[in-house]
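In what follows, a single structure is set out as structure tokens and then discussed.
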Amino acid sequence: MNELLRCGNCAAPIHVEGDAVIVTCAFCGFQTRLEAPARNKTPPGTGPRLAEAIAIALPNGTLVPIVDAGSSVPTSRSETISTSQDDQAQLQLTLVCAGATLVRAAFALAQRKPRGTIRVKLSVDVDAHGAVKIGLAEQGSSNLAHYSGTVRIVS
């Protein structure tokens, strides 16, 4: 099964084939260790679904989907993102749904290191009523932040 992911360093697409455990970005050479994919709590095709995709809006305008439209809810997804500049003080994050801003956050970083070395785990949980909980956790520190929003659900 082929799967498309984004590089944690430069956001270029990374093609994952089969049961690969470590993948390398063809653009920047950054290596990523893969975790088991998050699974929907409801079998596909049953129950309510997410009407619109939830995505990260990159500074260049590119949208990177986190939760696809039509996903069964409740559902949980996570993505690891990283800094794009050396000694970056904060991570600017914009999550969008249906073209509208769901969450805009300036997540202050506890560590200052070269670009791509600080990792922040982004968790998105959507319940059956459309309530969205978003968590950010800086790996290697106790730095956490939580946000919330609402998305449209169809049955």
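The values are calculated or read from the model by the stated rules, or taken from the named source; none is laboratory data. This one's a predicted model, so the numbers in the text were calculated from it and none came from an experiment. Neighbour counts run over all protein chains shown; Cβ positions are idealised from the backbone, glycine included.
Condition check: at pLDDT 60 or above, part of a loop (DSSP other than H, G, I, E, B) and not basic (K, R). Does A26 satisfy that? Taking the combined requirement at face value, the residue satisfies it. Considered as a group, the residues in the range 127-139 that are of a type in the set (G, A, S), surrounded by fewer than 17 Cβ atoms within 10 Å (Cβ to Cβ) and part of a strand (DSSP E or B) include one that is modelled with the lowest pLDDT, and that residue is A131.
For the range 89-103, check the following and say yes or no: at least one residue is part of a loop (DSSP other than H, G, I, E, B), in the same structural domain as E138 (by TED's automatic domain parsing) and at pLDDT 90 or above. Yes, the range 89-103 contains a residue that is part of a loop (DSSP other than H, G, I, E, B), in the same structural domain as E138 (by TED's automatic domain parsing) and at pLDDT 90 or above.
If you take the residues of the range 53-103 that are of a type outside the set (S, T, N, Q) and farther than 20 Å from T150 by Cα, which of them is surrounded by the fewest Cβ atoms within 10 Å (Cβ to Cβ)? If we take residues in the range 53-103 being of a type outside the set (S, T, N, Q) and farther than 20 Å from T150 by Cα, then G61 is surrounded by the fewest Cβ atoms within 10 Å (Cβ to Cβ).
R39 meets all of the listed conditions (1) modelled with pLDDT under 75; (2) among the basic types (K, R); (3) crowded, with 18+ Cβ neighbours inside 10 Å but one, namely (3). Of the residues examined, A51 is not one that is hydrophobic (A, V, I, L, M, F, W, C), outside the structural domain of A11 (by TED's automatic domain parsing) and either free of Cβ contacts under 8 Å to residues at least 60 places away in the same chain or out of contact with any strand residue (DSSP E or B) (no Cβ under 9 Å at 6 or more places or on another chain) (or both).
Selection of the range 104-126 for residues being surrounded by 17 or more Cβ atoms within 10 Å (Cβ to Cβ) and not in a strand (DSSP E or B) yields L109, G116, I118.
Evaluate the range 3-10: report whether one residue or more is surrounded by fewer than 14 Cβ atoms within 10 Å (Cβ to Cβ), assigned to a strand (DSSP E or B) and modelled with pLDDT of 75 or more. Checked against the condition, which is being surrounded by fewer than 14 Cβ atoms within 10 Å (Cβ to Cβ), assigned to a strand (DSSP E or B) and modelled with pLDDT of 75 or more, the range 3-10 yields no hits at all. Per the listing S142, S84, S148, S78, the residue uniquely in a loop (DSSP other than H, G, I, E, B) and either at pLDDT below 90 or assigned by TED's automatic domain parsing to the domain that holds T32 (or both) is S84.
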